[in-house]
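What follows is a short report on a single structure.
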Amino acid sequence: MRLQILLHPQLRTTLPECAQRSLRRSVWVRFKSQIPRPSQKHLSPLPKSKETIPATRSPVARTLTPPKTTIRTGPPERILVYYGGTGRAIFLGTLRITTVLLFGAACLIVAPACSVADYPWYSTPTVIAAGALPMLFVSYTAAPYVNFIHLALPAFARKSREAAVQYAKDLPPTAVLYLTNMRFNTIPRQTAVRIGDLVPFKDSLRPVTFKNLNPSPQRWWQGRAPTEFYTGTHSKPGRQTSAFYPELWNGIYEQIQKAKS
(Lines give C-alpha, C1' and ligand atoms only; values in the text may rest on other atoms or scores of the structure.)
Protein backbone atom coordinates (compact mmCIF):
# COMPACT_ATOMS: atom_id res chain seq x y z
CA MET A 1 0.00 0.00 0.00
CA ARG A 2 2.85 2.40 0.86
CA LEU A 3 4.59 1.56 -2.38
CA GLN A 4 1.42 2.24 -4.37
CA ILE A 5 1.01 5.65 -2.73
CA LEU A 6 4.62 6.57 -3.63
CA LEU A 7 4.22 5.42 -7.20
CA HIS A 8 0.86 7.16 -7.75
CA PRO A 9 1.49 10.88 -8.42
CA GLN A 10 -1.96 12.13 -7.44
CA LEU A 11 -2.03 10.30 -4.12
CA ARG A 12 1.52 11.40 -3.33
CA THR A 13 0.73 15.09 -3.84
CA THR A 14 -2.17 14.97 -1.39
CA LEU A 15 0.17 14.01 1.44
CA PRO A 16 2.24 16.64 3.26
CA GLU A 17 6.01 16.81 2.79
CA CYS A 18 6.88 15.29 6.18
CA ALA A 19 4.58 12.33 5.57
CA GLN A 20 6.16 11.74 2.19
CA ARG A 21 9.67 11.63 3.71
CA SER A 22 8.66 9.20 6.47
CA LEU A 23 6.87 7.02 3.91
CA ARG A 24 9.89 6.86 1.65
CA ARG A 25 12.14 6.06 4.62
CA SER A 26 9.95 3.17 5.81
CA VAL A 27 9.69 1.71 2.30
CA TRP A 28 13.50 1.84 1.89
CA VAL A 29 14.14 0.15 5.27
CA ARG A 30 11.70 -2.62 4.44
CA PHE A 31 13.20 -3.10 1.00
CA LYS A 32 16.76 -3.25 2.39
CA SER A 33 15.81 -5.87 5.01
CA GLN A 34 14.47 -8.20 2.31
CA ILE A 35 17.80 -8.29 0.35
CA PRO A 36 19.53 -11.66 1.07
CA ARG A 37 23.04 -11.41 2.46
CA PRO A 38 25.72 -14.02 1.78
CA SER A 39 26.67 -16.26 4.68
CA GLN A 40 30.05 -15.70 6.30
CA LYS A 41 30.65 -19.45 6.50
CA HIS A 42 30.71 -19.87 2.73
CA LEU A 43 33.21 -17.06 2.22
CA SER A 44 36.74 -18.43 1.81
CA PRO A 45 39.53 -16.19 3.11
CA LEU A 46 41.85 -14.66 0.61
CA PRO A 47 45.19 -16.48 0.29
CA LYS A 48 48.06 -14.69 1.97
CA SER A 49 50.72 -13.77 -0.50
CA LYS A 50 54.22 -14.65 0.61
CA GLU A 51 55.80 -12.17 -1.73
CA THR A 52 55.57 -8.56 -0.82
CA ILE A 53 55.38 -5.88 -3.44
CA PRO A 54 58.57 -3.87 -3.32
CA ALA A 55 58.12 -0.23 -2.64
CA THR A 56 58.97 2.08 -5.47
CA ARG A 57 62.04 4.19 -4.88
CA SER A 58 61.84 7.86 -5.27
CA PRO A 59 64.37 9.72 -7.44
CA VAL A 60 65.92 11.19 -4.27
CA ALA A 61 66.50 7.74 -2.79
CA ARG A 62 68.10 6.54 -6.03
CA THR A 63 70.59 9.37 -5.97
CA LEU A 64 71.48 8.73 -2.30
CA THR A 65 72.22 5.01 -2.77
CA PRO A 66 76.01 4.42 -2.88
CA PRO A 67 77.46 2.97 -6.08
CA LYS A 68 78.41 -0.67 -6.17
CA THR A 69 82.07 -1.28 -5.46
CA THR A 70 83.91 -3.70 -7.71
CA ILE A 71 86.06 -6.38 -6.04
CA ARG A 72 89.64 -6.33 -7.24
CA THR A 73 91.01 -9.80 -7.96
CA GLY A 74 94.65 -8.78 -8.31
CA PRO A 75 97.35 -8.99 -5.62
CA PRO A 76 97.57 -6.39 -2.82
CA GLU A 77 100.09 -3.57 -2.56
CA ARG A 78 102.55 -5.77 -0.63
CA ILE A 79 103.02 -9.46 -1.28
CA LEU A 80 104.86 -11.96 0.89
CA VAL A 81 107.79 -13.48 -1.01
CA TYR A 82 109.80 -15.04 1.85
CA TYR A 83 108.73 -16.91 4.98
CA GLY A 84 111.41 -18.07 7.41
CA GLY A 85 109.28 -20.75 9.06
CA THR A 86 107.39 -21.11 12.31
CA GLY A 87 109.86 -23.50 13.98
CA ARG A 88 112.83 -21.14 13.64
CA ALA A 89 110.85 -18.17 14.93
CA ILE A 90 109.59 -20.09 17.98
CA PHE A 91 113.07 -21.45 18.76
CA LEU A 92 114.75 -18.04 18.56
CA GLY A 93 111.98 -16.36 20.54
CA THR A 94 112.17 -18.96 23.30
CA LEU A 95 115.96 -18.69 23.40
CA ARG A 96 115.83 -14.92 23.70
CA ILE A 97 113.27 -15.01 26.53
CA THR A 98 115.28 -17.65 28.38
CA THR A 99 118.47 -15.60 28.29
CA VAL A 100 116.60 -12.47 29.44
CA LEU A 101 115.11 -14.37 32.39
CA LEU A 102 118.53 -15.79 33.20
CA PHE A 103 120.03 -12.31 33.27
CA GLY A 104 117.20 -11.07 35.50
CA ALA A 105 117.67 -13.94 37.94
CA ALA A 106 121.42 -13.28 38.08
CA CYS A 107 120.89 -9.59 38.85
CA LEU A 108 117.97 -9.89 41.28
CA ILE A 109 118.62 -13.16 43.11
CA VAL A 110 122.18 -14.45 42.80
CA ALA A 111 124.08 -11.14 42.93
CA PRO A 112 122.37 -9.84 46.13
CA ALA A 113 122.95 -13.21 47.79
CA CYS A 114 126.67 -13.02 46.96
CA SER A 115 126.97 -9.50 48.35
CA VAL A 116 125.38 -10.46 51.68
CA ALA A 117 127.38 -13.67 52.17
CA ASP A 118 131.08 -13.87 52.89
CA TYR A 119 132.27 -13.82 49.26
CA PRO A 120 135.01 -11.72 47.66
CA TRP A 121 134.02 -8.27 46.41
CA TYR A 122 134.41 -9.25 42.76
CA SER A 123 131.86 -12.10 43.00
CA THR A 124 128.85 -9.79 42.51
CA PRO A 125 130.02 -8.16 39.23
CA THR A 126 131.19 -11.57 38.01
CA VAL A 127 127.73 -13.06 38.49
CA ILE A 128 126.10 -10.11 36.69
CA ALA A 129 128.55 -10.40 33.76
CA ALA A 130 128.05 -14.16 33.56
CA GLY A 131 124.27 -13.67 33.38
CA ALA A 132 124.56 -10.99 30.70
CA LEU A 133 126.89 -12.91 28.38
CA PRO A 134 124.28 -15.45 27.09
CA MET A 135 121.75 -12.67 26.49
CA LEU A 136 124.24 -10.55 24.54
CA PHE A 137 125.53 -13.51 22.54
CA VAL A 138 122.06 -14.67 21.48
CA SER A 139 120.93 -11.14 20.74
CA TYR A 140 123.95 -10.45 18.51
CA THR A 141 123.95 -13.83 16.75
CA ALA A 142 120.21 -14.08 16.04
CA ALA A 143 119.72 -10.44 15.00
CA PRO A 144 120.22 -10.99 11.22
CA TYR A 145 117.57 -13.74 10.98
CA VAL A 146 114.66 -12.57 8.83
CA ASN A 147 111.18 -13.98 9.40
CA PHE A 148 109.22 -12.28 6.61
CA ILE A 149 110.04 -10.35 3.44
CA HIS A 150 107.36 -8.38 1.60
CA LEU A 151 107.72 -6.88 -1.86
CA ALA A 152 106.00 -3.60 -2.72
CA LEU A 153 104.19 -3.77 -6.06
CA PRO A 154 103.53 -0.76 -8.29
CA ALA A 155 100.08 -0.13 -9.76
CA PHE A 156 100.71 -1.88 -13.09
CA ALA A 157 101.93 -5.04 -11.33
CA ARG A 158 98.76 -5.38 -9.21
CA LYS A 159 96.45 -6.04 -12.14
CA SER A 160 96.84 -9.82 -11.99
CA ARG A 161 99.05 -12.55 -10.54
CA GLU A 162 100.85 -12.96 -13.85
CA ALA A 163 101.76 -9.25 -13.90
CA ALA A 164 103.18 -9.49 -10.36
CA VAL A 165 105.26 -12.54 -11.28
CA GLN A 166 106.58 -10.84 -14.40
CA TYR A 167 107.57 -7.76 -12.37
CA ALA A 168 109.35 -9.82 -9.69
CA LYS A 169 111.44 -11.73 -12.22
CA ASP A 170 113.48 -8.63 -13.08
CA LEU A 171 113.20 -6.05 -10.30
CA PRO A 172 114.49 -2.51 -10.87
CA PRO A 173 117.02 -1.07 -8.39
CA THR A 174 114.30 1.12 -6.89
CA ALA A 175 112.11 -1.84 -5.89
CA VAL A 176 111.39 -1.80 -2.14
CA LEU A 177 111.58 -4.83 0.14
CA TYR A 178 110.20 -4.86 3.71
CA LEU A 179 112.28 -7.18 5.92
CA THR A 180 110.83 -8.23 9.28
CA ASN A 181 113.11 -9.64 11.95
CA MET A 182 112.98 -9.93 15.74
CA ARG A 183 114.32 -7.62 18.41
CA PHE A 184 116.06 -8.91 21.54
CA ASN A 185 112.70 -8.67 23.39
CA THR A 186 110.92 -10.74 20.65
CA ILE A 187 109.05 -7.68 19.29
CA PRO A 188 109.04 -7.68 15.47
CA ARG A 189 110.87 -4.92 13.64
CA GLN A 190 110.34 -4.02 9.98
CA THR A 191 113.02 -2.41 7.81
CA ALA A 192 112.43 -0.95 4.35
CA VAL A 193 115.33 -1.37 1.92
CA ARG A 194 115.85 -0.88 -1.80
CA ILE A 195 117.03 -3.90 -3.73
CA GLY A 196 119.71 -1.77 -5.40
CA ASP A 197 121.31 -1.14 -1.98
CA LEU A 198 121.63 -4.85 -1.08
CA VAL A 199 124.90 -6.64 -1.77
CA PRO A 200 126.12 -10.14 -0.78
CA PHE A 201 128.04 -10.20 2.47
CA LYS A 202 129.62 -12.75 4.83
CA ASP A 203 130.40 -12.43 8.53
CA SER A 204 132.73 -14.69 10.50
CA LEU A 205 130.88 -14.24 13.83
CA ARG A 206 127.24 -14.69 12.80
CA PRO A 207 125.26 -15.89 9.77
CA VAL A 208 124.76 -13.14 7.16
CA THR A 209 123.82 -13.45 3.47
CA PHE A 210 123.48 -9.81 2.32
CA LYS A 211 123.99 -6.30 3.62
CA ASN A 212 122.28 -2.93 3.16
CA LEU A 213 124.76 -0.27 2.07
CA ASN A 214 122.37 2.67 2.41
CA PRO A 215 120.28 2.31 5.60
CA SER A 216 117.47 4.79 6.11
CA PRO A 217 117.90 7.27 8.99
CA GLN A 218 116.10 6.35 12.20
CA ARG A 219 114.73 8.31 15.14
CA TRP A 220 116.91 8.51 18.22
CA TRP A 221 114.45 6.40 20.20
CA GLN A 222 114.26 3.73 17.45
CA GLY A 223 117.91 2.83 17.72
CA ARG A 224 120.29 1.90 14.95
CA ALA A 225 118.72 0.42 11.84
CA PRO A 226 119.85 -3.15 11.04
CA THR A 227 122.12 -3.51 8.00
CA GLU A 228 122.97 -7.24 7.95
CA PHE A 229 120.38 -9.90 7.17
CA TYR A 230 120.25 -13.65 6.84
CA THR A 231 117.76 -15.62 4.71
CA GLY A 232 117.64 -18.99 3.05
CA THR A 233 117.78 -19.55 -0.67
CA HIS A 234 114.17 -20.78 -0.70
CA SER A 235 111.08 -19.76 1.23
CA LYS A 236 109.42 -22.10 3.69
CA PRO A 237 105.96 -23.40 2.78
CA GLY A 238 103.02 -21.68 4.42
CA ARG A 239 99.30 -21.11 4.12
CA GLN A 240 98.41 -20.42 0.51
CA THR A 241 96.78 -17.03 0.09
CA SER A 242 96.43 -14.48 -2.70
CA ALA A 243 99.29 -12.45 -1.15
CA PHE A 244 101.84 -15.29 -0.73
CA TYR A 245 104.35 -15.83 -3.57
CA PRO A 246 107.04 -18.18 -2.23
CA GLU A 247 108.23 -19.13 -5.72
CA LEU A 248 109.52 -15.60 -6.35
CA TRP A 249 112.14 -15.49 -3.60
CA ASN A 250 114.65 -17.75 -5.34
CA GLY A 251 114.93 -15.33 -8.28
CA ILE A 252 115.11 -12.28 -5.98
CA TYR A 253 117.81 -13.96 -3.87
CA GLU A 254 119.89 -14.72 -6.95
CA GLN A 255 119.52 -11.12 -8.12
CA ILE A 256 120.87 -9.88 -4.77
CA GLN A 257 123.79 -12.30 -4.84
CA LYS A 258 124.75 -11.15 -8.33
CA ALA A 259 124.95 -7.50 -7.26
CA LYS A 260 128.38 -5.91 -7.05
CA SER A 261 129.63 -4.31 -3.83
(Q) If each residue of separation counts as 0.36 nm, what is the full-extension length gain between GLU247 and LYS159 once their alpha-carbon separation is subtracted? (A) 29.8 nm
Q.
Quick check: Cα centre of region 121-159 to Cα centre of region 196-210, how many Å?
A. 15 Å
Q. How long is the gain from CYS107 to ILE90 if the chain were fully straight, where each residue apart is worth 0.36 nm and the alpha carbon distance is subtracted?
A. 3.5 nm
Q | Net charge, THR174 excluded, C-beta distance under 11 Å - Lys, Arg +1, Asp, Glu -1 | A | 0
**Q.** For region 122-206: accessible area per residue (Å², 1.4 Å)
**A.** 53 Å²
Q: Sort region 172-217 into rounded, prolate or oblate with this rule: let a ≥ b ≥ c be the square roots of the eigenvalues of the Cα gyration tensor; rounded if a/c is under 1.5, and if a/c is not under 1.5, prolate when a/b is larger than b/c, oblate otherwise.
A: oblate
Q. Simple spin-label model, 7 Å along Cα-to-Cβ: ALA192 to ARG224 in nm?
A. 2.3 nm
Q: Multiply the residue separation of GLU77 and TRP121 by 0.36 nm, subtract the distance between their alpha-carbon atoms, and state the gained length in nm to one decimal.
A: 9.9 nm
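The values are calculated or read from the model by the stated rules, or taken from the named source; none is laboratory data. Note that the structure is predicted; figures quoted are calculated from it, not measured. Every residue, glycine as well, gets a Cβ built from its backbone with ideal geometry; the counts of neighbours run over all protein chains shown. Surface accessibility is based on the protein's heavy atoms, side chains included, excluding ligands, DNA and RNA. Shrake-Rupley method; radii C 1.70, N 1.55, O 1.52, S 1.80 Å.
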